[in-house]
1. Please work out the FRET efficiency for the pair GLU152 and VAL70, using the Cβ-Cβ distance as r and a Förster radius of 41 Å; give the result to the nearest 0.05.
2. Which entries of LYS313/LYS345; LYS251/LYS327; LYS284/LYS327; LYS286/LYS327 have Cα-Cα distances beyond 25 Å here?
3. So for the chain, considering every pair of alpha-carbon atoms, how many percent are separated by more than 29 Å?
4. Mind checking the alpha-carbon convex hull of segment 205-353 and giving the volume per residue in Å³?
5. Return the tail of the calculated pair distribution for segment 2-193, meaning the percent of Cα-Cα pairs more than 25 Å apart.
6. Taking GluC sites (Glu not before Pro) that fall in a DSSP loop and have at most 10 other Cβ atoms within 10 Å as cut points, what is the longest piece of the chain between them?
7. Which value in nm describes the separation of the simple spin-label points at GLU310 and LYS41, placed 7 Å from the Cα toward the beta carbon?
8. Which three extents, in whole angstrom, do the alpha-carbon atoms of segment 158-217 cover along their principal axes, largest first?
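Bear in mind these aren't lab numbers, they're just calculated from the coordinates by the rules spelled out. Every value quoted in this text rests on a predicted model; they were computed, and no experiment measured them. Cβ placement follows ideal geometry from the backbone for every residue including glycine, while neighbour counts extend to all protein chains displayed.
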Amino acid sequence: MAEDIEYKLDAVKVTPIASDEIDKTFRSSSIDLISGTLGGKVLGFSDQWFADAVNLLTPTPPIRQPGKMVYTGAWYDGWETRRHNPEAFDWVVIRLGVASGTVEGVEIDTAFFSGNHAPAISVEGCFSTDDDEVLSWKGQRGKWETVLGVQECGPSQRFAWKLDNPTSKQYTHVRLNMYPDGGIARFRLFGHAVPVFPDDVDAIFDLAAAQNGGVAVSCSDQHFGTKDNLILPGRGKDMGDGWETARSRTKGHVDWAIIRLGAPAFIQSFIVDTAFFRGNFPQKAKIDAIEWTGAGEPAADAEGWTEVLEPSKCGPDQEHSFDSAVKDKRFTHVKLTIIPDGGVKRLRVLAKRAV
């Protein structure tokens, strides 16, 4: 199909990722740069007759409601455009939820779109401080640069592509192109935030925040809520957008999550927020930190973890502020341990950059 498309894009070498490998491939080392909970925003689109483009950025998996009809037809949890598009493609322009970011991969989920799914897609990016200028390009070339060339899709399936060479250039906006029309349930843009740090090296700010380059790299369990929620902005809207583990039944059990900070840091204090967790908050929280120089990411039992917060009592639905026991040592990662299990909405690591 790609050879039939008149709107030509640069050749970008990618590796297709199997559906059951997508989360393992991307979510331990990168973040979804356009997630609605991170602040990603749809700025404009060519059409959204059947289903709204903003659904593309919903962080939770798509759902289905068979038989539900609305004015325009069957209800779909995604973005769906009219039939018979006279243009080469439909498009949606999205501003990233971070100051800017570099891209490692793309996911397109066509869940429940069958017979009306997108036959093919591509992704373009740009760096701009002017939303209006970006929107003015509409479906034209403008200053867009190829992030992902034309890739074929199919019905009701997760598709993903890992860039063989992650972008070195950072982007503020992306345009998802759909050839020629149809439906897509979710769009994920995996990569790394490129934060704007304060000039003052003594400034204290949250270096665990996804917007400042933090990444939740691993955890012991995330049965009810993903570890990635720990580093999102704000305090969320309910229990569903925090980190929550299954109930434990074993004596001495603990759960943990490891976060790579956005920059090496001198940690000053922490906030452990249990917002909305009223009957399932952890009894205590403990935090360790490490300066990791080894390959990959540190394991929970790696040598070198330093206790920076002793096990400390937690309560329901509140922000708990704790001082760091070690403020003059350089760290790259923190490990939050909850005792014995439960839910935490956010973890803030207030620190100075170790420049």
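1. The calculated FRET efficiency here is 0.90.
2. Checking Cα-Cα distances, LYS251/LYS327 exceed 25 Å.
3. Pairs farther apart than 29 Å: 43 percent.
4. Given the Cα convex hull of segment 205-353, per-residue volume reads 96 Å³.
5. Details: 5072 of 18336 pairs.
Considering segment 2-193, 28 percent of its Cα-Cα pairs are separated by more than 25 Å.
6. Values: sites that count: GLU6, GLU303.
With GluC sites (Glu not before Pro) excluded where exposed in loops, the chain gives 7-302 as its longest stretch.
7. 4.6 nm
8. Projected onto the principal axes, the Cα atoms of segment 158-217 cover 51, 23, 22 Å.
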